[in-house]
1. Just how far, in whole angstrom, is segment 94-160 from segment 245-260 if you go by their alpha carbon centroids?
2. Kindly provide the helix-only [θ] at 222 nm of the chain, computed as the sum of -39,500 (n - 2.57) over DSSP H runs of four or more divided by all residues, to the nearest 500 deg cm²/dmol?
3. Give the separation of the Cα centroids, segment 25-85 to segment 161-177, in Å.
4. Which whole-number value in Å³ per residue fits the convex hull of the alpha carbons of segment 259-321?
5. If you stretched the chain out fully between residue 248 and residue 331, how much longer would it get, using 0.36 nm times the residue separation minus the C-alpha to C-alpha distance?
6. With labels modelled as points extended 7 Å from the Cα through the Cβ direction, what inter-label distance (nm, one decimal) is found for residue 80 paired with residue 292?
7. Of 200/303; 155/280; 23/125; 164/286; 125/174, which sit over 23 Å apart, Cα to Cα?
8. Between helix 69-78 and the chain, what is the angle of the helix's C-alpha long axis to the longest principal axis, kept within 0 to 90° and rounded to the nearest 10?
Amino acid sequence: MRGLAIPLFVFLLLTSLDAQTQKTYLRISLENTRSHVQTQNVYRFAEAVSAQFPSLQVEVYPEARLFRDRDVLNAVHTGKVEMAVPGTWNLEPYVPDLGLFLLPFLYGRAREENHTLADGGVGKKIQDTLESLYDVCVPGRWMDLGHAQVFTLAKPILRLEDFKGLRIRVPGGKGNELRLFALGSYAVTVPWPELIERLKTRLVDGILSTYETIRSAELWNHGIRYAFEDNQYFPMYIPLVNSRFWKTLTPEQQSRFSQLWNTHVLVEREEAYRAQTEAKNLFIQKGGKVFVPPLSELDRIRKAFQLAQPSISQQMRIDPALVSYVEGELNR
């Protein structure tokens, strides 16, 4: 028996040393394709984290390989994944005030105006709500996707009346559904992994998306032919980190993590802006037709939206005080 004691002691010692040197996993779940500008920037962020945090094993999972964005908040909350960067429209069902960015009063607004809201007090209020309701933290600023437009397969949209009766796929968000309903369309929420099949079977007449997203999946090969460029809304992505994972980092490490993220966000925002322009040009090269409505037509659509906004805001359960605050900021 005494002969077994030494091997057992050595085994326990080696096991203890291995546990001390074992890396902590940081898995990042994304829904976009590998070639998407958001995914590429998250990969670069992951490389920077790996370089500065040797104790972390950082892995990125694009294309909803782990979770769809509509489900990923609960996955981060429960620790099934350590980090995700879902679109604002997928988080709106959990935090109604996020629907603010889908309201008609932001229709056609510049990206700088959306940044001012997201980076300021409005974004802080939303982040505080997320962190109070779920076991997550928001380590930094939001990433851009770029303005969303309505793309169609067979029937081009040239004016307000052309929206009537169209079945338009939206990525999520009640605000997107209600806004298109106000224009006379039928909104159909379809997760990204199911979209191509819906296009093949012509179960939708068009989609609410961006040029970059069209490019990343080459959707012109699946029937997308026309774009109505009216800047429907400005989708963004919010970084979420599991709180228990976050607390394993020291305050200094947390600060460094946030600095790395914010540095990459500033780069991503500029790259997203350029990517949308380049993707639009490629869409045209591939035979796509782009219709930019004149100001008179944009005003007609905006007036239709203004009539619907009180009802949309109420149905989405957005804080009325927040709506009033943003209206004041936009009219300054």
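All of the numbers you see were taken from the coordinates with simple rules; none came from a lab. Here the structure is a predicted model, which is why all the values come from computation and not from measurement. Note: ideal-geometry Cβ built from the backbone for every residue, glycine included; neighbour counts use all protein chains shown.
1. Spelled out, the Cα-based centre of one part sits 26 Å from the other.
2. -15500 deg cm²/dmol
3. If you average the Cα positions of each part, the centres end up 29 Å apart.
4. 181
5. 25.5 nm
6. Once both label points are built, they end up 4.4 nm from each other.
7. Among 200/303; 155/280; 23/125; 164/286; 125/174, the Cα-Cα distance tops 23 Å for 200/303; 23/125; 164/286.
8. Tilt relative to the chain: about 30 degrees.
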